[in-house]
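*Asks:* My questions all concern the structure below.
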Amino acid sequence: MKKFDINVGVTELSYDELTPEELELVNAAREATHRAYAPYSHFYVGAAIRLDNGVIVPGSNQENAAFPSGTCAERSACYYAGARYPEARFKAIAVTARGADGNELDEPASPCGACRQALVEYEHLAGHDVPVYMAARNKIYKLDSVSALLPFTFTEF
Ligand SMILES: [Zn+2]
């Protein structure tokens, strides 16, 4: 028997430590929370994807009375990016959320399992690691890749 660990490196950053490019992306995700349609969960999620063509594509959660018909912020952004800019590749992703009180969370929000699977497909298409920024009110967790969020990734690549 052999036991091994899989380690995920996380860098905790303050807003002051972000580069202007990183801050622009995180702020795009924060702005997107205000466009969430979340009358059921009252959990307002925003995502933003920077593409290699320079465009930042935002997304927000879009809920539905038939709950499975809604979608998360990350997938609304990545599928729009894929539909609108099929030749572009992902460079970085940011996600954040506000709670029912309207305030940004104390702890960073992280993508759900379905979004991790969706996002890792686009990371593989990019052919390189795509960093993920998970932002909260006073701190940001940076992971070097989407794959770090999803060990033993299922992929056709
Ligand atoms: Zn999700």
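The values are calculated or read from the model by the stated rules, or taken from the named source; none is laboratory data. Only a predicted model underlies this, so the values are computations on that prediction, with no experimental measurement involved. Cβ coordinates were reconstructed from backbone atoms using ideal geometry, including for glycine residues, and neighbour counts include every protein chain displayed.
Results for (1) within 26 Å of residue 15 (Cβ to Cβ); (2) assigned to a loop (DSSP other than H, G, I, E, B), shown as yes or no for each residue.
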| site | (1), (2) |
| --- | --- |
| 58 | yes, no |
| 79 | no, no |
| 94 | yes, no |
| 102 | yes, yes |
| 109 | yes, yes |
| 117 | no, no |
| 151 | no, yes |
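*Asks:* Right, here's the next one. Any idea which of 154, 90 is surrounded by fewer than 19 Cβ atoms within 10 Å (Cβ to Cβ) and hydrophobic (A, V, I, L, M, F, W, C)?
*Replies:* Going through 154, 90 in turn, just one is surrounded by fewer than 19 Cβ atoms within 10 Å (Cβ to Cβ) and hydrophobic (A, V, I, L, M, F, W, C): 154.
*Asks:* While we're looking at this one, here's another question. Within region 118-157, track down each residue that is farther than 17 Å from residue 45 by Cβ and of a type in the set (A, V, I, L, M, F, W, C).
*Replies:* Those that are farther than 17 Å from residue 45 by Cβ and of a type in the set (A, V, I, L, M, F, W, C): 120, 125, 126, 130, 143, 148, 150, 152, 154, 157.
*Asks:* Here's a follow-up. Just to be sure I understand, how many residues within region 31-55 are surrounded by fewer than 19 Cβ atoms within 10 Å (Cβ to Cβ) and of a type in the set (Lys, Arg)?
*Replies:* Qualifying residue count for the region: 1.
*Asks:* Determine which member of the set 126, 92, 77 is within 15 Å of the chain's Cα centre (by Cα), closer than 20 Å to residue 21 by Cβ, modelled with pLDDT of 95 or more and away from the ligand (no atom under 16 Å from the Cβ).
*Replies:* 92
*Asks:* Here's a follow-up. Assuming residue 114 fulfils every condition listed in (1) hydrophobic (A, V, I, L, M, F, W, C); (2) exposed (fewer than 14 other Cβ atoms within 10 Å of the Cβ); (3) away from the ligand (no atom under 16 Å from the Cβ) apart from one, which condition is it?
*Replies:* Exception for residue 114: condition (3).
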